[in-house]
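The values are calculated or read from the model by the stated rules, or taken from the named source; none is laboratory data. Since the structure is predicted, the reported quantities are computational estimates derived from the model, not experimental observations. Glycine also receives a Cβ, built like all others from the backbone with ideal geometry; neighbour counts cover every protein chain displayed.
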2 protein chains.
Amino acid sequence: MKIAILGFGSVGRGIANIVNSKNTGIIITAVADSKSGLIENNGIDLDAVLENKKKTGLCGKENITPDEIIENADYDVLVEVTPTDATTGEPALGYIKKALGAGKHVVTSNKGPIALEYKALKELADKNGCLLKYEATVCGAIPLIHSLQYGLAGNEIKKIYGVFNGTCNYILTRMADEGLTYKQALLEARELGYAEADPTYDVKGIDAAIKLVILANTILGYDKTLQDVETEGIDRLTSEALLLAAEDDLTIRLIGEIDVGKKILRVSPRVLPKNHTLVVQDTLNAVTAETDLAGDVTFIGKGAGSIETASAIISDLLFIRECNGGRS
Amino acid sequence: MKIAILGFGSVGRGIANIVNSKNTGIIITAVADSKSGLIENNGIDLDAVLENKKKTGLCGKENITPDEIIENADYDVLVEVTPTDATTGEPALGYIKKALGAGKHVVTSNKGPIALEYKALKELADKNGCLLKYEATVCGAIPLIHSLQYGLAGNEIKKIYGVFNGTCNYILTRMADEGLTYKQALLEARELGYAEADPTYDVKGIDAAIKLVILANTILGYDKTLQDVETEGIDRLTSEALLLAAEDDLTIRLIGEIDVGKKILRVSPRVLPKNHTLVVQDTLNAVTAETDLAGDVTFIGKGAGSIETASAIISDLLFIRECNGGRS
């Protein structure tokens, strides 16, 4: 199987390293970063590319664009791991459409296009006999999408709820355990690289809300947008609220919830017993699917990180290789 | 997709009910219980079969045997849900071999054949272009096998450990929470239907050990038997031990563990912090996979029950329909 990787940040490089070091039988025939690209239809020399990237900041030549790669490289699967734009989905959306239109499978970690245009992309994929996989968009290394689509196939999903944002979970863990204020905990999260310089996207619940939209539209067949999610973040929580909760063996977590019966998507801080399954520590994610046959099934794991995201991408790639014939 | 169901106890009937009530597009063309069988190549009349079973104790005619069904019914997948014999695997083992040999896919909930003969069965399946699926053999409704094979594909599994037996977990939960003795808790588990009249298989850790053998042989490519598992049950645990643990915010759970590095399979009661992810309540199962890329991923859910087992069977069936072309 040959793949072309768009986006050569920590995730893109992580995928390249894993693909090469693990003897996966996958060949990388093209890579692109935001300024350059490289096509080597017999397989790129990863060490040389990484060396070049380190020296010049470029992975290839400036005249080779993602569009050029999508149109002219020799590949079976486009791995799209460029930065997310949650408002327009671009430029990733255009890349994905072009690749699917050309009959190529697509694996992406990009929340924007999946949250905004899944239905159209899925139709395009089906029309062209391709697979569109996006495990990495929700809860990083946890095989949540895959489990909901295959592992729990035949089940009616009644609710999906849990901790979808590791940054918020870290902040809340630290506020509860150490009595830190929100600002102190946020500062610590930034220093450890768990929060961005502008943490709005995480702490206001937007990241969790986008993940709910992705699950709702891709697993439940809804047609929701970010505006349909009742969203409240953790940025107004006080350490007093957490201390008060602790007196009754309770704590607070930012919970995202899809209630199928009530057709509600909601992100909000919730009070939970300290020993509740979803009260995970630090940057972990934890999600429960409430189903008619299997009952409640909970998944806990690392929701972010470049290797974890790469792990989800690799699993999607291997699944396409394994099951490709079944659909295309 | 047409299926033949061998075994018409609560699991077999559960599968039949779900397949019919959910509009799965799956047609049941044959069923057998221990004394009778029925072949209707256009699809059985489930209501009539259930009525007959209730009245006469038989699902069909006494001269129609499982072998007759395997050889002569019109079906794509054999659903093998007869009772487990952990020592010989029979008669299920023979049924599965015959069906795979005839080019039919097999889905089973039967631990015996998978624990004893997976390698030979998988070779037979591959040779005949068939799939052999067995999600229901380990942790009931939790899509653990599927996640390890597909959702975490590309990951190196370093350890698999957790709570694999709901009966023991119920007994330990009750001993810890209510200060019951082992005998009292076991009696309660029996009254609630969580423990068999002869609880040896569960409380001595044998059931958990068989699940470890299945995971080791099918996921990790080992060639282990029940004798290779260091097994200690919960039947000698005292309520004093649990009370003592509780003083330090600890508790005891029966943990099954596969350590890939040390090549050890072990089932034993272990002391864990009360807030440990694997300290689940009542009859729940909880399993953590320690991996190189995805880190630790934990799965929590119902490990037993006829509907939960049926759920795993249905997911396997739908997976075969979805991905069949990729392998056969």
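Being out of contact with any Ser or Thr (no Cβ under 8 Å at 6 or more places or on another chain), under 19 Å from B:Lys35 (Cβ atoms) and surrounded by fewer than 24 Cβ atoms within 10 Å (Cβ to Cβ): is that true of B:Asp76 here?
Against the criterion (out of contact with any Ser or Thr (no Cβ under 8 Å at 6 or more places or on another chain), under 19 Å from B:Lys35 (Cβ atoms) and surrounded by fewer than 24 Cβ atoms within 10 Å (Cβ to Cβ)), B:Asp76 does not qualify.
Show the residue pairs meeting these rules: Cβ distance below 8 Å; 6+ apart or different chains; first residue within the range A:276-305 and free of Cβ contacts under 8 Å to residues at least 24 places away in the same chain and among the small types (Gly, Ala, Ser); second residue buried (at least 23 other Cβ atoms within 10 Å of the Cβ) and assigned to a strand (DSSP E or B).
Sorted first by the residue in the range A:276-305, then by its partner, the pairs are A:Gly295/B:Gly301; A:Gly295/B:Lys302.
Looking at the range B:1-57 only, could you name the residues that are small (Gly, Ala, Ser), within 14 Å of another protein chain (Cβ to nearest Cβ) and within 15 Å of B:Val81 (Cα to Cα)? Outline the logic, then answer.
Within the range B:1-57, the first condition is being small (Gly, Ala, Ser), and the residues that meet it are B:4, B:7, B:9-10, B:12, B:14, B:16, B:21, B:25, B:30, B:32, B:34, B:36-37, B:43, B:48, B:57.
If we keep only those that are within 14 Å of another protein chain (Cβ to nearest Cβ) too, we end up with B:10, B:14, B:16, B:21, B:25.
Within the range B:1-57, B:Ser10, B:Gly14, B:Ala16 qualify.
Only one of B:Gly101, B:Gly37, B:Gly112, B:Gly94 is among the small types (Gly, Ala, Ser), out of contact with any Pro (no Cβ under 7 Å at 6 or more places or on another chain) and over 27 Å from B:Ile206 (Cβ atoms). Can you tell me which?
Exactly one residue qualifies, and that residue is B:Gly101.
Considering the range B:207-225 alone, what residues qualify as being in contact with a strand residue (DSSP E or B) (Cβ under 7 Å, 6 or more places away or on another chain), closer than 19 Å to B:Gly303 by Cβ and touching a residue at least 60 places away in the same chain (Cβ under 8 Å)?
Correct list: B:Lys211, B:Val213, B:Leu215, B:Ile219.
Those residues that are in a helix (DSSP H, G or I) and β-branched (Val, Ile, Thr), I need them from the range A:7-28; list them, please.
Across the range A:7-28, the qualifying residues are A:Val11, A:Ile15, A:Ile18, A:Val19.
Hey, among the residues in the range A:147-167 that are assigned to a loop (DSSP other than H, G, I, E, B) and more than 14 Å from chain B (Cβ to nearest Cβ), which one's nearest to A:Ile255 (Cα to Cα)?
Within the range A:147-167, the match that is nearest to A:Ile255 (Cα to Cα) is A:Phe164.
This table checks each residue for (1) surrounded by 23 or more Cβ atoms within 10 Å (Cβ to Cβ); (2) within 15 Å of A:Ala312 (Cβ to Cβ); (3) without any contact (Cβ under 8 Å) to a residue 40 or more places away in the chain; (4) basic (Lys, Arg).
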| residue | (1), (2), (3), (4) |
| --- | --- |
| A:Ile5 | yes, yes, no, no |
| A:Val11 | yes, yes, no, no |
| A:Asn20 | no, no, yes, no |
| A:Thr24 | no, yes, no, no |
| A:Ile27 | no, no, yes, no |
| A:Ala30 | yes, no, no, no |
| A:Ser34 | no, no, no, no |
| A:Ile39 | no, no, yes, no |
| A:Asn42 | no, no, yes, no |
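Return yes when A:Thr84 is surrounded by fewer than 23 Cβ atoms within 10 Å (Cβ to Cβ), within 15 Å of the chain's Cα centre (by Cα) and on the phi < 0 side of the Ramachandran plot and no when it is not.
In short, yes.
Taking the range A:127-146 as the search range and keeping residues that are more than 15 Å from the chain's Cα centre (by Cα) and touching a residue at least 40 places away in the same chain (Cβ under 8 Å), which one is farthest from the other protein chains (Cβ to nearest Cβ)?
A:Cys130
In the range B:44-61, which residue that is in contact (Cβ under 8 Å) with a residue 12 or more places away in the chain and charged (D, E, K, R) is nearest to B:Ala312 (Cα to Cα)?
The initial filter retains those residues of the range B:44-61 that are in contact (Cβ under 8 Å) with a residue 12 or more places away in the chain, namely B:44, B:46, B:49-50, B:53, B:57-61.
Now drop any that are not charged (D, E, K, R), which leaves B:53, B:61.
Working: B:Lys53: 24, B:Lys61: 29 Å.
Here the answer is B:Lys53.
Of the residues B:Thr88, B:Thr82, B:Thr65, only one is at pLDDT 95 or above and farther than 18 Å from B:Gly12 by Cβ; which?
B:Thr88
Mind listing just one residue for me: the one in the range A:263-299 that is of a type in the set (Lys, Arg) and over 12 Å from A:Tyr161 (Cβ atoms) and, of those, nearest to the other protein chains (Cβ to nearest Cβ)?
A:Lys274
Can you tell which of B:Glu156, B:Glu117 is in contact with an Asp or Glu (Cβ under 7 Å, 6 or more places away or on another chain), acidic (Asp, Glu) and surrounded by fewer than 24 Cβ atoms within 10 Å (Cβ to Cβ)?
B:Glu156
Going by the conditions given, is B:Leu100 within 14 Å of another protein chain (Cβ to nearest Cβ), surrounded by 23 or more Cβ atoms within 10 Å (Cβ to Cβ), touching a residue at least 12 places away in the same chain (Cβ under 8 Å) and part of a helix (DSSP H, G or I)?
no
Looking at B:Lys183 and the list (1) within 14 Å of another protein chain (Cβ to nearest Cβ); (2) among the basic types (Lys, Arg); (3) part of a helix (DSSP H, G or I), which single condition is not satisfied?
Every condition holds for B:Lys183 apart from (1).
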